[in-house]
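The values are calculated or read from the model by the stated rules, or taken from the named source; none is laboratory data. It should be emphasised that the depicted structure is a prediction, and the values quoted were computed from it without experimental measurement. Note: ideal-geometry Cβ built from the backbone for every residue, glycine included; neighbour counts use all protein chains shown.
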Amino acid sequence: MKTEQVGEIESTATVEQVTDVEYDVPSDETPAYTCPYCDRPFRSERYATFHVGNAHPEACTESEREAFDEERDDEQFELFTFHVKAAVSVFLLYFMFTFIYALVWVG
Ligand SMILES: [Zn+2]
């Protein structure tokens, strides 16, 4: 489906953007984790896990791969929950307006 494809492209772009911007550690900060494959510093283990899964998919171990898949699944679940909440909010808003509209007509 077309919508699904667009969603996939968007999420890939987001991952790349985050890799370039937020993963970087400021020079006055001591990195909490360092990539074992390219020595790139990271502020948290989660970022390092993402980086290893994205940048070294062939070099990383099975457990690192699993950790990356888990983090990614978490993120996709969070995104799904957000979409459900947004849909419910829109529905409730629509319902409320219909209700008010009906009240105005009855009254
Ligand atoms: Zn690396």
Practice task
Please determine, by comparing only the residues of segment 43-59 that are more than 9 Å from the ligand (Cβ to nearest atom) and outside any helix (DSSP H, G or I), which one is surrounded by the fewest Cβ atoms within 10 Å (Cβ to Cβ).
Solution key: Glu58
Practice task
Give the residue, chosen from Arg72, Arg40, Arg65, that is among the charged types (D, E, K, R), surrounded by 10 or more Cβ atoms within 10 Å (Cβ to Cβ) and modelled with pLDDT under 90.
Solution key: Arg72
Practice task
Would you mind finding the one in Val25, Val18 that is in a helix (DSSP H, G or I) and modelled with pLDDT under 90?
Solution key: Val18
Exercise for the section: Under 7 Å between Cβ atoms, at least 6 apart or on separate chains: pull out the pairs that start in segment 48-59 with a residue that is closer than 11 Å to Pro36 by Cα and end on any residue that is at pLDDT 90 or above and outside any loop (DSSP other than H, G, I, E, B). Expected result: Thr49/Ala67; Thr49/Phe68; Val52/Glu64; Val52/Phe68
Exercise for the section: Could you check, for segment 81-91, whether at least one of its residues is assigned to a helix (DSSP H, G or I) and in contact (Cβ under 8 Å) with a residue 12 or more places away in the chain? Expected result: no
Problem - Residue check for Glu75: in a helix (DSSP H, G or I), more than 16 Å from the ligand (Cβ to nearest atom) and closer than 28 Å to Pro26 by Cβ - result: yes
Fill in the blank from the handout: Looking across segment 28-37 at residues that are in a loop (DSSP other than H, G, I, E, B) and near the ligand (Cβ under 10 Å from one of its atoms), the single one that is surrounded by the most Cβ atoms within 10 Å (Cβ to Cβ) is Cys35
Handout entry: Test set (1) within 21 Å of Leu79 (Cα to Cα); (2) modelled with pLDDT of 90 or more; (3) more than 15 Å from the ligand (Cβ to nearest atom) - Thr12 fails condition number
Key = (2)
